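Peer 1: This is the structure I have questions about; it appears just below.
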């Protein structure tokens, strides 16, 4: 091999190596996490059944040690499409089905620094303050969030922007939103106290149009909130680990509505199911009592205008597989009122579908497959 050929060969090898290193480096910057779940829900009295596939995919790209881009997309596909095939919260959509694809329902910039454990988010992101009784994972904040720890035992989070809820077959409903949350570690690795204040504002012009047109026309979302009214929500509670692998948590909530504005929740759990640790499991019993005006939206851990006891369990039979089952012995607190914010536990057409004390037990069986 002559000198020129040797130089060309060396140059090609260096370019190939650089390209391979660049590809490896780029690959290291991407990360993903996904869940594929199969769910069977049933509400006894109303006869609602949701047999569906749910897929969640989180994709992210690490810019450097401090900044990353994060996204989440979700797919919901029902196996059966009948009049009774609805979500347990009563969602009913055109063609008697509730199939949807939320592409990039979460899309935000995430930044972390060691100083005061500072974290900053900007974009559209999921936010579950305190114990998730007021603001759940189907409510997204389009705005910004700052979290920091002035001392190791205290975590403060400030959030502001638009509170958005994607309605399948409709649009993003947007409402002005702000929140302040504090989480305090009372006993390290054992007991925590969390409190959150949230304020929500109606925006009638951006209310969901297609799916809930009749509901809004009857005065639903805008009629209760008022065009520029603010509603305040307070949530507070604690969680603690007990002997014998037990844990307990409890929370109370209250809104600034004049009536039907309080809620309580308490749960005792044994064990802790971890999707990536085969053989782990937990069983729990939880009491819930949420008055109709106590929460923002109905697709949360427990439904508004209902009280009861839920018995449930999680089990990991093999790596990356989680089985969930629960049965909720519940009844309605008051006669159904279709003019409640965030949807109605039964109907959106203005009719009355339940009465105070009416029982409506619920059941769920779900299998989730995780990949990362």
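Peer 1: Based on what the data block shows, is residue 253 in a strand (DSSP E or B), touching a helix residue (DSSP H, G or I) at 6+ places or on another chain (Cβ under 8 Å) and surrounded by 16 or more Cβ atoms within 10 Å (Cβ to Cβ)?
Peer 2: no
Peer 1: For residues that are more than 17 Å from the chain's Cα centre (by Cα), assigned to a loop (DSSP other than H, G, I, E, B) and within 23 Å of residue 76 (Cα to Cα), scanning just segment 88-143, find the one that is modelled with the lowest pLDDT.
Peer 2: 93
Peer 1: Let me ask something additional. Restricting the search to segment 101-127, which residues are crowded, with 16+ Cβ neighbours inside 10 Å and more than 17 Å from residue 144 (Cβ to Cβ)?
Peer 2: Scanning segment 101-127 gives 102, 105.
Peer 1: Could you list, ordered by first residue, the pairs with Cβ atoms under 6 Å in which the first is in segment 168-190 and modelled with pLDDT under 90 and the second is surrounded by fewer than 16 Cβ atoms within 10 Å (Cβ to Cβ) and not in a strand (DSSP E or B), at least 6 apart or interchain?
Peer 2: Close Cβ pairs (under 6 Å, with a partner that is surrounded by fewer than 16 Cβ atoms within 10 Å (Cβ to Cβ) and not in a strand (DSSP E or B)) amount to 169/94; 169/210; 170/209; 170/210; 171/209; 174/206.
Peer 1: Evaluate segment 307-319: report whether one residue or more is assigned to a strand (DSSP E or B), at pLDDT 85 or above, under 20 Å from the mean Cα position of the chain (by Cα) and surrounded by fewer than 18 Cβ atoms within 10 Å (Cβ to Cβ).
Peer 2: yes
The values are calculated or read from the model by the stated rules, or taken from the named source; none is laboratory data. Quick caveat, the model's predicted, so the values are computed rather than measured. With ideal geometry, Cβ positions are generated from the backbone for all residues, glycine too; neighbour counts draw on all protein chains shown.
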